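For reference, the structure discussed in these notes is given below.
The values are calculated or read from the model by the stated rules, or taken from the named source; none is laboratory data. This structure is a prediction, so every number in the text was calculated from the model and none was measured. Here the Cβ is made from the backbone with ideal geometry for all residues, glycine too, and neighbour counts use every protein chain on show.
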Amino acid sequence: MSLLAVRELSTFYGDFQALFGISLEVAEGETVAVIGANGAGKTTFLRTLAGALPAARGSIALAGQLVGNRPPHALVDLGIVLVPEGRKIFPSLSVRENLEIGAFRRRPGPWTLERIHRLFPILDERRDQPGTNLSGGEQQMLAIGRGLMANPRLLLVDEISLGLAPVVVKHLYAVLTDIAREGTTLLVVEQDVSQVLAVAQRVYCFRKGAVSLAGAPERLSRAEIAAAYFGA
Amino acid sequence: MAWLDAVVQGILLGGLYALFATGLSLIFGVMRLVNLAHGDFSILAAFLAVVAVHALELNPLVALALVAPIMAVVGYGLQRLVLNRLLGRGILPAVLVTFGFSVVIQNGLLQIFSADSQRLNPGGIETASLALGGGLAVGWFSLLTFVLAVVLLGALQLLIGRSAIGRAFRASSDDGDTAELMGIDNRRLYGFAMALSLAIVAIAGVVLGIRTTFTFASGPDRLLFAFEAVIIGGLGSLWGTLVGGVILGVAQTVGAKLSPGWGVLTGHLVFLAVLLLRPSGLFAKARRVD
C-alpha cells in the first residue's frame, strides 16, 4: 500500500480551477519529485495536500486513511508536514525557537533537535539569533529542520531552490538525500529539474494543472521531459 | 512633599492601569483584535465578585480565585463561539461585535444590579497605609496592586518568552497561516489568549472594585485608560504597558494636584502628546517591514 495515494484531485481558487484531476502515489520511504513550469499547479498541489487549500473533488489517502479537507494542524498530527515556498521563517522567534515550533505537535520518531543540528550545524551555531537574520540558504535549512521536528511520515518540500545560489541548492539537495536515507518519505516540488531528478526515485511532471508525464527519471529521455514540461 | 506624594500615588495607580491594559495588548498582539468590551468584562468580573461575596460570604480577594477562572472560561467560549468567526475579515467586524458586547453587558448589569454603585470590601486593607517617613504614606492596597501588576506582567513575559504556548502566540502573531502549517490550531490558541486576557482583566476589575465604587457603566472609562496605557507604552511591549500605565497614572494624580478637576484631562493630554511625538509609543518593538 502506498503511503500517499491521491486520486483525481481538483482544486479551485474561487472560480478558477488550478488542478484538474491529479492522481499520484508515493510509497513509504520513497522520494518523489513534482516538476513543472511556473503556474503548472505544483505549489497548489502541495498546499492542498497540507490542508491549506480545500480539495474540491477527488481523494487524498495517507496509509489508506482518507485525510482530505482537514485543517493543516490536524494533518500535522497525522504526519503530513509542509516546508512552504518562500521558507516563511517566523521573525519574532529565534533560530532555535523556529525549530521548536515545528515540534509543537511532535509525533514520536527519529528527528530531534540534536539530529537536526548535526544535519545543519549552522542552526546550532546561530541558535539565539532571530530566524530571519540568517541568509537565504540558512533560512531554507531552518525551514527544512522545522518541518522535520514534527517527525513527519511525509514531508512536502516546496521549491527549496527558489532564489538561492547553485552551490547552496546543491548542498540542500545533498542533505535531502541524507534525510531520505533516514527513512523520511519526501514529496519534492521543484523547477530546478536537474537537481531534483538526481535525488528522486520517481518524477511527475505537471502542466496546466494536470499530470503530463510520470515515471522513473532514468527511464525518461530529456526530450520526453522537455515536451511534458513545456508542452510540444 | 505634596507633589512627591502625587507622583508616588500616580506610580501605584499605574499598576492598576497596567492590569487593565495587559489583556487588551495581548489580544491585539496575538490576533489583531480590538476588544471594545474589555473594560465591561472587568466590570462584569467585579459584579461577579459582588455576587460571590454576598452569596458565599467570601472576602473579595478570595472571591477572585473563583471569578478569574470563570472569566477565563467565558473568554475561551466567547472566542471559540463568536470571535473566531470574525477573523480574517479585517478589523471592523470584531470592533462592531465587541462594541455590541459592551452594550449588552452594560444593559444586562443594569437590569440585574440596578444603577446603584457597588463596592467590594476586603476588610480593612483598603484603608491601611504604610508610612514612608517625611509625611509620605502609601496605601497598602495600592502597593499590593502595583506589586501584583509587576508579578503578573513578569509571569506573562515568561510565558510568552519561554513556554511552548508563548512561542505559538508569537509565531501565530507573525504569520497565522504558516503557524497552522506547523501544527498550531489558531482557533484554539486564540481561545487560550482570550481566556488569559479576561482572567487578567477580572483581577483588574476586582481590584478596581476594592479601590473605588463602580456601576454598570464604569467599563468604557477603564477601556479608555487601558488603551492609553498601551499606546503610551507601545504595542507589543509588556513592560512598556506598565510604564505607559505609570505615566498615565502620574499624569492624572499630578493633574489632580494642580486642580481637582484636571486629573483625567491631564492624563488625556499626556496621551495625546505621546501620540503626536512618538506615534508608535515609547517602547514599541521595532518591527521589520518586509
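Criterion first (under 20 Å from B:VAL151 (Cβ atoms) and either of a type in the set (A, V, I, L, M) or over 17 Å from the mean Cα position of the chain (by Cα) (or both)) does B:ILE165 satisfy it? Break it down into steps so the answer makes sense when it comes.
Details: under 20 Å from B:VAL151 (Cβ atoms): yes; either of a type in the set (A, V, I, L, M) or over 17 Å from the mean Cα position of the chain (by Cα) (or both): yes.
Yes; evaluated as a whole, the condition is true for this residue.
Only residues that are assigned to a strand (DSSP E or B) and in contact with a helix residue (DSSP H, G or I) (Cβ under 7 Å, 6 or more places away or on another chain): list them for the stretch A:200-226, please. Explain how you work it out, then say what you get.
We begin by selecting, within the stretch A:200-226, every residue assigned to a strand (DSSP E or B); these are A:202-207, A:210-215.
Scanning the stretch A:200-226 gives A:VAL203, A:CYS205, A:PHE206, A:ARG207, A:SER212, A:LEU213.
Are there any pairs with C-beta distances below 8 angstrom linking a residue in the stretch B:173-197 that is at the interface with chain A (Cβ under 7 Å from one of its Cβ atoms) and closer than 25 Å to B:ALA155 by Cα to a residue that is buried (at least 24 other Cβ atoms within 10 Å of the Cβ) and aromatic (Phe, Trp, Tyr), with the two at least 6 apart or on different chains, and if so which?
Within 8 Å, the pairs are B:ASP174/A:PHE90; B:ASP175/A:PHE90.
Quick check on the stretch B:252-261. Is at least one of its residues in a helix (DSSP H, G or I), in contact (Cβ under 8 Å) with a residue 12 or more places away in the chain, aliphatic (A, V, I, L, M) and buried (at least 24 other Cβ atoms within 10 Å of the Cβ)? If you could, list the steps in order and put the result at the bottom.
Taking the stretch B:252-261 as the starting set, the residues that turn out to be in a helix (DSSP H, G or I) are B:252-258, B:260-261.
Adding the requirement that they be in contact (Cβ under 8 Å) with a residue 12 or more places away in the chain leaves B:252-257.
Retained after the next criterion (residues that are aliphatic (A, V, I, L, M)): B:254, B:256.
Now narrow it down to the ones that are buried (at least 24 other Cβ atoms within 10 Å of the Cβ): none.
No, that holds for no residue.
Examine the stretch A:1-18 for a residue that is part of a loop (DSSP other than H, G, I, E, B), over 22 Å from A:GLY145 (Cα atoms), away from every other protein chain (no Cβ under 14 Å) and charged (D, E, K, R), and state whether such a residue exists. Full working, then the answer.
From the stretch A:1-18, those part of a loop (DSSP other than H, G, I, E, B) are A:1-3, A:14-15; that's our starting set.
Within this subset, residues satisfying the condition of being over 22 Å from A:GLY145 (Cα atoms) are A:1-2, A:14-15.
Of the ones still in play, those that are also away from every other protein chain (no Cβ under 14 Å) are A:1-2, A:14-15.
Applying the additional criterion that residues be charged (D, E, K, R) yields A:15.
Yes, the stretch A:1-18 contains at least one residue that is part of a loop (DSSP other than H, G, I, E, B), over 22 Å from A:GLY145 (Cα atoms), away from every other protein chain (no Cβ under 14 Å) and charged (D, E, K, R).
Go through the stretch A:179-189 and count every residue that is in contact with a Gly (Cβ under 9 Å, 6 or more places away or on another chain), outside any helix (DSSP H, G or I) and crowded, with 16+ Cβ neighbours inside 10 Å.
Here is the first cut: in the stretch A:179-189, the residues in contact with a Gly (Cβ under 9 Å, 6 or more places away or on another chain) are A:180, A:183-185, A:189.
Keeping just the survivors that are outside any helix (DSSP H, G or I) gives A:183-185, A:189.
Now drop any that are not crowded, with 16+ Cβ neighbours inside 10 Å, which leaves A:184-185, A:189.
Going through the stretch A:179-189 one residue at a time, the tally reaches 3.
Working carefully through the options A:LEU176, A:LEU156, A:LEU164, A:LEU123, find the one that is outside any helix (DSSP H, G or I) and crowded, with 21+ Cβ neighbours inside 10 Å. Full working, then the answer.
Numbers: A:LEU176 fails: outside any helix (DSSP H, G or I); A:LEU164 fails: crowded, with 21+ Cβ neighbours inside 10 Å; A:LEU123 fails: outside any helix (DSSP H, G or I).
None of the others qualify; the one that does is A:LEU156.
Return the residues of the stretch B:54-94 that are touching a residue at least 24 places away in the same chain (Cβ under 8 Å), under 22 Å from B:PHE141 (Cα atoms) and assigned to a helix (DSSP H, G or I); say none if nothing qualifies.
Passing the criteria: B:PRO60, B:LEU61, B:ALA63, B:LEU64, B:VAL67, B:ALA68.
Which of the residues spanning the stretch B:138-164 are without any contact (Cβ under 8 Å) to a residue 24 or more places away in the chain and more than 14 Å from B:GLY23 (Cα to Cα)?
Those that are without any contact (Cβ under 8 Å) to a residue 24 or more places away in the chain and more than 14 Å from B:GLY23 (Cα to Cα): B:TRP140, B:LEU144, B:VAL151, B:LEU158, B:GLY161, B:ARG162, B:SER163, B:ALA164.
For residues in the stretch A:25-46 being outside any strand (DSSP E or B) and touching an Asp or Glu at 6+ places or on another chain (Cβ under 8 Å), which is farthest from the other protein chains (Cβ to nearest Cβ)? If you could, list the steps in order and put the result at the bottom.
Of all residues in the stretch A:25-46, those outside any strand (DSSP E or B) come to A:27-30, A:36-46.
Now drop any that are not touching an Asp or Glu at 6+ places or on another chain (Cβ under 8 Å), which leaves A:42-43, A:46.
Numbers: A:LYS42: 17, A:THR43: 13, A:LEU46: 10 Å.
For the stretch A:25-46, the residue satisfying everything is A:LYS42.
Give the residues of the stretch A:120-145 that are under 25 Å from A:LEU75 (Cα atoms) and out of contact with any Phe, Trp or Tyr (no Cβ under 9 Å at 6 or more places or on another chain), sorted by residue number.
Result: A:GLN139, A:GLN140, A:ALA143.
What's the number of the only condition in (1) within 14 Å of chain B (Cβ to nearest Cβ); (2) surrounded by fewer than 24 Cβ atoms within 10 Å (Cβ to Cβ); (3) in contact with a strand residue (DSSP E or B) (Cβ under 8 Å, 6 or more places away or on another chain) that A:GLY136 fails to meet?
(3)
Mind telling me which of the residues A:GLU182, A:GLU190 ends up being over 30 Å from A:SER10 (Cα atoms) and among the acidic types (Asp, Glu)? Steps first, please.
Numbers: A:GLU190 fails: over 30 Å from A:SER10 (Cα atoms).
Going through A:GLU182, A:GLU190 in turn, just one is over 30 Å from A:SER10 (Cα atoms) and among the acidic types (Asp, Glu): A:GLU182.
Looking at the stretch A:98-109, I want the residues that are farther than 18 Å from B:SER173 by Cβ and facing chain B (nearest Cβ under 7 Å) and have a partner that is hydrophobic (A, V, I, L, M, F, W, C) and assigned to a helix (DSSP H, G or I) with Cβ atoms under 9 Å, at least 6 apart or on another chain. Which pairs are those?
A:ARG105/A:VAL76
Inside the stretch A:68-91, can you point out the residues that are in a helix (DSSP H, G or I) and more than 9 Å from every other protein chain (Cβ to nearest Cβ)? Reasoning before the result, please.
Quick first cut of the stretch A:68-91, residues in a helix (DSSP H, G or I) only: A:72-78.
A:LEU78, the sole residue that qualifies.
Any residue in the stretch A:36-45 that is among the aliphatic types (A, V, I, L, M) and at pLDDT 95 or above?
Going residue by residue through the stretch A:36-45, those that are among the aliphatic types (A, V, I, L, M) are A:37, A:40.
Then keep just the ones that are at pLDDT 95 or above; that gives none.
Scanning the stretch A:36-45, I find no residue that is among the aliphatic types (A, V, I, L, M) and at pLDDT 95 or above, so the answer is no.
Can B:PHE169 be described as away from chain A (no Cβ under 14 Å) and either in contact with a His (Cβ under 7 Å, 6 or more places away or on another chain) or in contact (Cβ under 8 Å) with a residue 60 or more places away in the chain (or both)?
no
If you take the residues in the stretch A:92-117 that are over 21 Å from the mean Cα position of the chain (by Cα) and outside any strand (DSSP E or B), which one is farthest from A:LEU148 (Cα to Cα)?
Within the stretch A:92-117, the subset over 21 Å from the mean Cα position of the chain (by Cα) is A:92-94, A:96-97, A:114.
If we keep only those that are outside any strand (DSSP E or B) too, we end up with A:92-93, A:96-97, A:114.
Values: A:SER92: 20, A:LEU93: 17, A:ARG96: 13, A:GLU97: 14, A:GLU114: 12 Å.
The extreme case among them is A:SER92.
Looking at the stretch B:46-62, can you tell me whether even one residue there is under 25 Å from B:ASP174 (Cβ atoms) and either in contact with a strand residue (DSSP E or B) (Cβ under 7 Å, 6 or more places away or on another chain) or not aromatic (Phe, Trp, Tyr) (or both)? Walk me through how you get there before you give the answer.
At the first step, the residues of the stretch B:46-62 found to be under 25 Å from B:ASP174 (Cβ atoms) are none.
The answer is no; no qualifying residue exists.
Restricting the stretch B:95-111 to residues that are in contact (Cβ under 8 Å) with a residue 24 or more places away in the chain and β-branched (Val, Ile, Thr), which is farthest from B:GLY209 (Cα to Cα)?
Among those residues, the one meeting the criterion is B:VAL95.
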